[in-house]
Amino acid sequence: MELDDRKITILKAIIKTYLETGEPVGSRTISKYTDLKLSSATIRNEMSDLEEMGYILQPHTSAGRIPSDKGYRFYVDQIMQDKEQEVTEVKELMIKRVDRLELVLKKLAQLLAANTNYAAMISGPRYHQNKLKFIQLSQMDPHKLLIVIVVEGNLIRNRMVMIQEELSQDDLLNLNIMLNSSLNGLTIEEINLGVISRLKEQAGSHSQVIDMVLSEIAAVIEADEEDLQIYTSGATNIFKYPELSDGQKASQLISTLEQKEMLKELIADDDGTEDSGDIQVYIGEETPLQTMKDCSVVTANYELGEGIRGTIGIIGPKRMDYERVLRTLRNLMRQLDTTFKNDEGR
């Protein structure tokens with residue numbers, strides 16, 4: 001006889017109920033907690049089979065059953081398998097990288113909040129430190145130019161601009177070669193006046209097009225900065241801690257977690273941290289946000305390869321389990337680093 005899905009569901013329900021109550025579990029109790037919609041008689045038959053298979057026991061003359069060692073072993077192995085599957089799913093999700101990055105970060109915020117019992121926030125990647133990989137100018141009509149800008153991480157942005165002059169195919173080819181040879185590998189901060197002057201000089205009569213292209217590159221980077229996404233989870237965990245669950249304090253904290261502009265202060269404060277994965281701990285008055293003065297905030301910068309960087313934060317009471325939080329963040333940093341660097345090598 002094998003354990004089918006129905007028997008597994010009933011066995012899990014027996015074990016979970018026994019763990020909660022410490023009392024032998026009867027068929028009527030199971031019929032209330034499972035979604036199988038089975039009669040007590042059917043559940044009794046299944047419980048009889050489980051007892052015959054050695055997964056549950058009937059203590060004394062009680063009508064209820066308790067788990068056997070074999071039952072506990074199955075339950076623990078099942079939990080471990082489920083957790084491994086969860087980790088595998090998250091890892092597979094992360095490997096899809098930037099095209100599904102939003103979904104990845106939301107999932108990670110949820111996992112962090114669930115694993116720590118605190119509030120969690122994760123910012124989307126910041127692009128201002130990224131290097132330019134490729135620029136392509138294409139003429140859509142005599143006075144309309146399409147600018148394709150690619151930065152590290154293969155993040156692509158398109159801009160359409162109007163130009164006064166007409167460009168030949170040779171002009172476009174020369175401008176593309178000039179822009180890519182001069183700008184590839186530079187961050188937006190490294191495109192200084194010297195670089196701009198040399199480009200304009202090389203462009204000659206087309207220096208206005210160079211001006212326009214550089215303006216669009218800067219606008220793309222600034223737009224990405226302004227559109228910074230921050231994902232939060234576990235805000236209601238705040239109510240678990242009496243020192244934070246006071247009506248006004250809790251309201252202010254939850255309001256802060258919902259306001260992207262305020263959370264940016266936590267991220268901006270980490271911009272000076274050079275090393276990805278470096279962890280910062282802010283306790284009480286040290287926190288950059290006034291509404292979090294009764295909290296502790298732990299942040300770390302993550303890097304998903306090719307300069308795609310962001311910030312992870314955990315917000316909880318000052319009596320938070322720092323050891324667990326730091327261990328969780330370090331493990332996450334390690335997994336992110338390994339996953340995305342391995343992905344790049346493929």
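Laboratory data are not the source of any read-out in this text; all were calculated from the coordinates shown. Note that the structure is predicted; figures quoted are calculated from it, not measured. We place every Cβ from the backbone using ideal geometry, glycine too, and count neighbours over all the protein chains shown.
Extension gain for Lys106 to Glu243 (0.36 nm times residue separation, less C-alpha to C-alpha distance): 46.6 nm. Remark: spin-label model distance Asn174-Asn331 equals 6.1 nm, labels positioned 7 Å along the Cα→Cβ axis. Arranged from fewest to most other beta-carbon atoms within 10 Å of their beta carbon, Phe134, Phe74 become Phe134, Phe74. When the C-alpha to C-alpha distance is required to be over 24 Å, the pairs from Lys16/Lys107; Lys264/Lys318; Lys240/Lys293 that qualify are Lys16/Lys107. The charge dipole of the stretch 132-226, taken about its Cα centre with unit charges on the Cβ of Lys, Arg, Asp and Glu (plus for the first two, minus for the last two), comes to roughly 200 debye. Report the label-to-label distance for Gln58 and Glu189 in nanometres (one decimal), using points 7 Å from each Cα along the Cα→Cβ vector. Each label point is offset 7 Å from its Cα along the Cβ direction, giving 7.4 nm.
Full extension of the chain between Val281 and Lys144 yields a length gain of 44.2 nm, computed as 0.36 nm times the residue separation minus the alpha carbon distance. Projecting the Cα positions of Leu36, Ser68, Ile10 onto the charge dipole of the stretch 5-79 (unit charges on Cβ atoms of Lys, Arg, Asp and Glu, taken about the Cα centre) puts Leu36 furthest along the positive direction. Is the shape of the stretch 5-79 rounded, prolate or oblate, going by the alpha carbon gyration tensor and its root eigenvalues a ≥ b ≥ c, with a/c under 1.5 for rounded and a/b larger than b/c for prolate? It comes out rounded by the Cα gyration axes.
For Ala119, the residues whose amide H sits under 5 Å from its own are Ile315, ignoring neighbours fewer than 5 places away on the same chain, with H placed 1.01 Å from N.
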